[in-house]
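Chemist: The structure's right below; bear with me while I get my questions together.
The values are calculated or read from the model by the stated rules, or taken from the named source; none is laboratory data. What you see is a predicted model, and the numbers here were worked out from it, not measured in a lab. Here Cβ is always computed from backbone atoms with ideal geometry, including for glycine, and neighbour counts include all displayed protein chains. When the accessible area is computed, the model is the full protein with side chains, heavy atoms only, and any ligands, DNA or RNA have been set aside. Shrake-Rupley method; radii C 1.70, N 1.55, O 1.52, S 1.80 Å.
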Amino acid sequence: LALLEGRIADGFELSRRARELGRQAGDANADVFYAEQYLLRMVVQGRMREVDPAAGGVEVDVAERAQSGPAWRAYRFTFAWWRAARGECDQARRDFEAAVAGGLSTLPRDVNWLAALASAVEACVLLNDTARARELRTLLEPHASRMVVTARGASHGGSVAYLLARLAALCGDDDAADRIFADAVRREERAGADVFVIRDLHHHAQFLRAAGLPDRAEKQQSAAGDKARSLQLEWAFDRDRATELKVRSGG
């Protein structure tokens, strides 16, 4: 909750304490949840490409889960997203294709399903995979009113509407993307997820700029900036945008 509200330092300390308590209790997921919250911290700060698995506590156990654990496909989609954000397109594509395996429809409908698809969407957009975007959109549309929550509620990925807006934009469905981005912002606001309000406004602005609507784009970007300043947060959105453009161009 602290992270969603933009209280990054508080969130970091609470996450650290939770890991210590989990280890004392013998909870095998204590390190995994810490890694999930580390990832969330980096995402809400616009620093996805700076993620350091070691700093996030991604040790041997987590690496093994990404290869053979019951949620291995969810982990591989996350690695694909991270590597795509870093511009490591070939490895990102390998991770993405490995996670797709027998098709997106074969993903287990378990507690990791929405989170796995959320990471898949992020990777898909960065890799400019329009074919998979259409498939992901079909899978997620029935869940447009949902929020992405995982790790026993310890991690939050924001609204499914945001993911659908990104997919609609990639598919060239501009009217739907415009409408769904606005819906995503409303849903984040109702959830008290201020950091995702900023994220959604920022990406809506990027979409509007690409759609040739600079005035509306400036309005949305200004709103994102005002919200970030009100929370005394610093963002790296410009760097993220440069990386995204580099990935799309094959750089």
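Chemist: Would you mind classifying the range 147-238 by shape? Square roots of the alpha carbon gyration tensor eigenvalues, ordered a ≥ b ≥ c; an a/c under 1.5 is rounded, otherwise it is prolate if a/b is larger than b/c and oblate if not. Mind dumping the intermediate values first?
Modeler: Details: a/c = 2.15, a/b = 1.20, b/c = 1.79.
Here the range 147-238 falls in the oblate category.
Chemist: How large is the Kirkwood hydrodynamic radius of the range 115-200, counting all unique pairs of alpha carbons, in Å? It would help to have the intermediate numbers written out before the result.
Modeler: Numbers: mean 1/r = 0.0785 Å⁻¹.
It is 12.7 Å.
Chemist: Also: Determine the principal axes of the Cα atoms in the chain, then give the extent along each, sorted from largest to smallest and rounded to whole angstroms.
Modeler: For the chain, the Cα spread along each principal axis is 54, 43, 35 Å.
Chemist: Additional query: Summarise the long-distance tail of P(r) for the range 76-131 by giving the % of C-alpha pairs beyond 19 Å. Intermediate values should be presented prior to the final figure.
Modeler: Values: 289 of 1540 pairs.
In whole percent, the share of Cα-Cα pairs in the range 76-131 beyond 19 Å is 19.
Chemist: Using 0.36 nm per residue of separation minus the Cα-Cα distance, give me the extension gain between Thr130 and Leu21 in nm, one decimal.
Modeler: On the way: separation 109, 0.36 × 109 = 39.24 nm, distance 4.35 nm.
34.9 nm is the gain from fully extending Thr130 to Leu21.
Chemist: How much accessible area per residue does the range 127-206 have, counting only protein heavy atoms and a probe of 1.4 Å, in square angstrom? Intermediate results must be reported in sequence, preceding the final value.
Modeler: Numbers: 3060 Å² over 80 residues.
Solvent-accessible surface per residue comes out at 38 Å².
Chemist: How far apart, in nm, are two points set 7 Å out from the Cα along the Cα-to-Cβ line at Arg146 and at Asp52?
Modeler: 3.5
Chemist: On the accessible surface of the chain, probed at 1.4 Å, how many percent belong to carbon and sulfur atoms? Before the final figure, lay out each step's value.
Modeler: Details: 5830 of 11840 Å².
After summing per-atom areas, the C and S share lands at 49 percent.
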